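Working notes for the structure below.
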Amino acid sequence: MVTRVATVAFEGIEARAVDVQVQVTPGGVAFLLVGLPDKAVAESRERVRAALIASGLALPAKRITVNLAPADLPKEGSHYDLPIALAVMAAIGAIPADALAGYTVLGELALDGSITAVAGVLPTAIAAYGRGQGLICPAASGPEAAWAAADMDILAPRSLIQLANHFKGTQVMARPEPAVARQAGPLPDLADIKGQESARRVLEIAAAGGHNLLMNGPPGAGKSMLASRLPSILPPLTPRELLEVSMVLSVAGHLADGALTDRRPFRAPHHSASMAALVGGGFQAKPGEVSLAHHGVLFLDELPEFQAQALDALRQPMETGDVLISRANHRAVYPARFQLVAAMNPCRCGKATEPGFACRRQMNERCMAQYQSRISGPMLDRIDITIDVPAVTASDLILPAASEGSAQVAARVARARRLQTARFEALGLGHVTTNAACRRRCWMRSHGPTMRASRCCAMRPRPCA
Ligand SMILES: Nc1ncnc2c1ncn2[C@@H]1O[C@H](COP(=O)(O)OP(=O)(O)O)[C@@H](O)[C@H]1O
Ligand SMILES: [Mg+2]
């Protein structure tokens, strides 16, 4: 007889159904795992064997075959431990065979039989709910799964023994509660910035329209300081955006304690980041920085210092709002609609714009042009606003703190965002919420037939989606 337990394999942020089939037959003692498992899945045999022994269940001296179907879909990760262990337990009669029928199962096992957290619980819970199933997941991931639906049947056991007791009826588990992340203190505030009135205004405009922004200025001008204050003036995530952002974070294993937050992501990768780190993929497909910044901000400090290849890889997600990772055996799409904020010095030493400074190697202008040419034209094309941030003067620094802080600016940004959303909705463009996401055709419609196409194209050079 074959025992079956439902689990999932991830393709991007999608959880595709996978069937764990276990057959125990007489013959030589063996524990075989088939169905395109990767290294972590293949090692699951040892963890399952140890966890079952630690839970007081010896494996029968028979041939145990585990098949992960469909066999042509690659299986990655450690979340197959729990479904395999439960299917084996059902096959040897340690839990009732029909108890697992309505559940999708995922979780990693420790050698002592406890169940440890895994990535991707939120998308799995949503997919299972869509298929009319309940979910069995690790206790640590329960609060994350509970966001999927209020009426979903969720079991979040700490160990195999606790789950077996639940099915026997000796220790019934309560449904986990959805958790909200505790905010790690207030965000840096715009009130800390002295002077720099134009840069503050530009930051506000970029926040209102969701525009990509490049700040160019000498070291110490406050570019990094300005960028780090952008999250404090951005509106909170809408419920739909929150779900999308949390799905990406869940698949990447970045949802701490399974708790969700409505703060917009702010990612600031170091300039040594590889192409795979920025756009995703690599040995085990994971979302990159562009996807972790989905519906938030990707801050690239010292832009020309990034590898040219890595920067150019950003062009496609900046255009389409998602990133397609193609590998020999499968493809994955991750959402990646982010606002790019970049900062750079005017030249390699950063002093070219200082009055009276003469570069020792060549003319200041040539030195600046050489440094700035590290960023390709198509990349610069996708940056809506470029500003020069002048060096902050000593007289600016002794000014009293700015009277207007992030709260007042955030209120104006929120009002501007509401206006944009209402305008695009009235035009039947409900999928567009910011001016930055509005392409040529939308721009034409929102500015009426009075605007000539050539002028419109000059203003919005990007092609329509
Ligand atoms: N406008 C400003 N108001 C207050 N402090 C500033 C300002 N500009 C720079 N500073 C100070 O200088 C430091 C360096 O600024 P930073 O943002 O790192 O400069 P940049 O990124 O342009 O090199 C900041 O940590 C801050 O203490
Ligand atoms: Mg800086």
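When only residues in region 291-312 that are away from ligand 1 (no atom under 16 Å from the Cβ) and under 14 Å from His271 (Cα atoms) count, which is most open to solvent (accessible area, probe 1.4 Å)? Steps first, answer last, please.
Filtering region 291-312 for residues away from ligand 1 (no atom under 16 Å from the Cβ) gives 291-296, 298, 307-312.
Filter again for under 14 Å from His271 (Cα atoms), leaving 298, 307-312.
Values: Leu298: 0, Gln307: 84, Ala308: 59, Gln309: 122, Ala310: 0, Leu311: 5, Asp312: 60 Å².
Top of the filtered list is Gln309.
From Leu155, Leu82, Leu73, which residue is within 27 Å of Val34 (Cβ to Cβ), at pLDDT 95 or above and touching a Leu at 6+ places or on another chain (Cβ under 9 Å)? Explain how you work it out, then say what you get.
Numbers: Leu155 fails: within 27 Å of Val34 (Cβ to Cβ); Leu73 fails: at pLDDT 95 or above.
Just a single option satisfies the conditions, and that option is Leu82.
Only one residue in Arg366, Arg360 is open to solvent by 60 Å² or more (accessible area, probe 1.4 Å) and modelled with pLDDT of 80 or more, so which one is that?
Numbers: Arg360 fails: modelled with pLDDT of 80 or more.
Matching residue, one of Arg366, Arg360: Arg366.
Which helices (runs of 4 or more DSSP H) sit wholly inside region 171-256 and have at least 2 residues that are within 27 Å of Ala391 (Cβ to Cβ) and more than 15 Å from ligand 1 (Cβ to nearest atom)?
Values: elements: 197-209, 223-228, 239-252.
Ranges flagged: 197-209.
Could you tell me which numbered condition Leu311 fails, if it satisfies all but one of (1) touching a helix residue (DSSP H, G or I) at 6+ places or on another chain (Cβ under 8 Å); (2) within 30 Å of Ala125 (Cα to Cα); (3) assigned to a helix (DSSP H, G or I)?
All conditions pass for Leu311, except number (2).
Filtering region 243-288 down to residues that are closer than 27 Å to Arg229 by Cβ and among the polar types (S, T, N, Q), which residue is modelled with the lowest pLDDT?
Here the residue is Thr261.
Of (1) assigned to a loop (DSSP other than H, G, I, E, B); (2) of a type in the set (S, T, N, Q); (3) surrounded by 13 or more Cβ atoms within 10 Å (Cβ to Cβ), Thr386 satisfies all except one. Which?
Every condition holds for Thr386 apart from (1).
Quick check: anything in region 398-420 part of a loop (DSSP other than H, G, I, E, B), closer than 22 Å to Arg348 by Cα and in contact with a Leu (Cβ under 9 Å, 6 or more places away or on another chain)?
Step one: of region 398-420, the residues part of a loop (DSSP other than H, G, I, E, B) are 398-405.
Next, only the ones that are closer than 22 Å to Arg348 by Cα stay: none.
There is no residue in region 398-420 that is part of a loop (DSSP other than H, G, I, E, B), closer than 22 Å to Arg348 by Cα and in contact with a Leu (Cβ under 9 Å, 6 or more places away or on another chain).
The values are calculated or read from the model by the stated rules, or taken from the named source; none is laboratory data. Note that the structure is predicted; figures quoted are calculated from it, not measured. Cβ sites come from the backbone with ideal geometry, for glycine too, and all protein chains shown count toward neighbours. With ligands, DNA and RNA removed, areas are computed over all heavy atoms of the protein, side chains included. Shrake-Rupley method; radii C 1.70, N 1.55, O 1.52, S 1.80 Å.
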